[in-house]
Amino acid sequence: MSFEYVSVEEAMALPGLRMVVVGKVPSPWGEAAKNIFHLKRIDFAAVRLVYDSEALKSWAGQLNGPVAILDDEPPRSGWEEILMLAERLSATPPLLPSDRDARSKALALCDKFCGKGGLGWHRRLQVVHGGLTGVGGFGERVAGYLGGKYGYDPARAEADIAAVHGLLGEFAHSLHVSRDLGRHYYLDELSAVDIYSAAFMALFKPLPQEQCEMNPAIRTAFEWLDERTAKALDPILLEHRDMMYSRHLQLPLSL
């Protein structure tokens, strides 16, 4: 599998699969999508998000990432839409179980990482809150922009933080149960859940600079943890992340 970054105009003229991604930041939604295509050996052209490009907005339907566009099919921006597209394009390796109950469990876990109300959603608002209250996280300008975009409400800040801690605990518990059963993954075999788990750890502890070259200010924001969040971040989550990148995912990150 390979991909290269191209301009908006080049991407629009290309056939096949193209994907808009947030550039220069290990956005977990985009990094997970890249690695889903990587594992399935699906080639695509990547386009870094350009926030003032009307051509990109018209083509992709929004100024956000990731957005996957296959030939003349409608853009796909939701995590599940992109995952299902990958499953359609290549059956190997399967990233969702064939058993109905196991598949439902996998999709529910994926949504708890990626969906609105999931770990990424609440952690982003937690880091926005830290920036806007001057205790850490994003700088004030970035925090203000993201807070406006994603509905930050200071009255809900404690609920966002509690959700982060609860979800970290739930995921860690799942991995401890798997380890006790002699498994390396959340489920019996490698699945999309493992990819999302590995990618979303970037919001707490990004990979080292030699593997993930990123702006120091953004790295500092992502690594900001208050005492309670640091305690909730069970080491097993980072051990699983490191195993996934060692065995299955692409390094160094190409941002």
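Exactly one residue out of ALA217, ALA221, ALA232, ALA202 is touching an Asp or Glu at 6+ places or on another chain (Cβ under 9 Å), in contact (Cβ under 8 Å) with a residue 60 or more places away in the chain and not hydroxyl-bearing (Ser, Thr, Tyr), and it is ALA202. Cβ-Cβ distances below 8 Å connect the following pairs, each with a first residue in the stretch 99-111 that is open to solvent by 50 Å² or more (accessible area, probe 1.4 Å) and modelled with pLDDT of 95 or more, a second residue that is among the acidic types (Asp, Glu) and assigned to a helix (DSSP H, G or I), and a separation of six or more residues or different chains: ASP111/GLU80. Being surrounded by fewer than 17 Cβ atoms within 10 Å (Cβ to Cβ) and at pLDDT 95 or above is a condition met by no residue of the stretch 191-203.
Selection over the stretch 209-233 of residues that are assigned to a loop (DSSP other than H, G, I, E, B), within 19 Å of the chain's Cα centre (by Cα) and over 16 Å from ALA199 (Cα atoms) gives a count of 3.
Of the candidates LEU146, LEU132, the single residue that is open to solvent by 60 Å² or more (accessible area, probe 1.4 Å) and of a type in the set (A, V, I, L, M, F, W, C) is LEU132. Restricting the stretch 1-52 to residues that are at pLDDT below 95 and of a type in the set (Gly, Ala, Ser), which is farthest from ASP71 (Cα to Cα)? Ranking the qualifying residues of the stretch 1-52, first place goes to GLY23. In this structure, does VAL177 turn out to be open to solvent by 40 Å² or more (accessible area, probe 1.4 Å), closer than 30 Å to ARG103 by Cβ and modelled with pLDDT of 95 or more? So VAL177 fits the description; yes.
The values are calculated or read from the model by the stated rules, or taken from the named source; none is laboratory data. Quick caveat, the model's predicted, so the values are computed rather than measured. Virtual Cβ from ideal backbone geometry, glycine too; neighbours counted across all protein chains shown. To get the accessible areas, we keep the full protein, side chains included, count just its heavy atoms, and leave off ligands, DNA and RNA. Shrake-Rupley method; radii C 1.70, N 1.55, O 1.52, S 1.80 Å.
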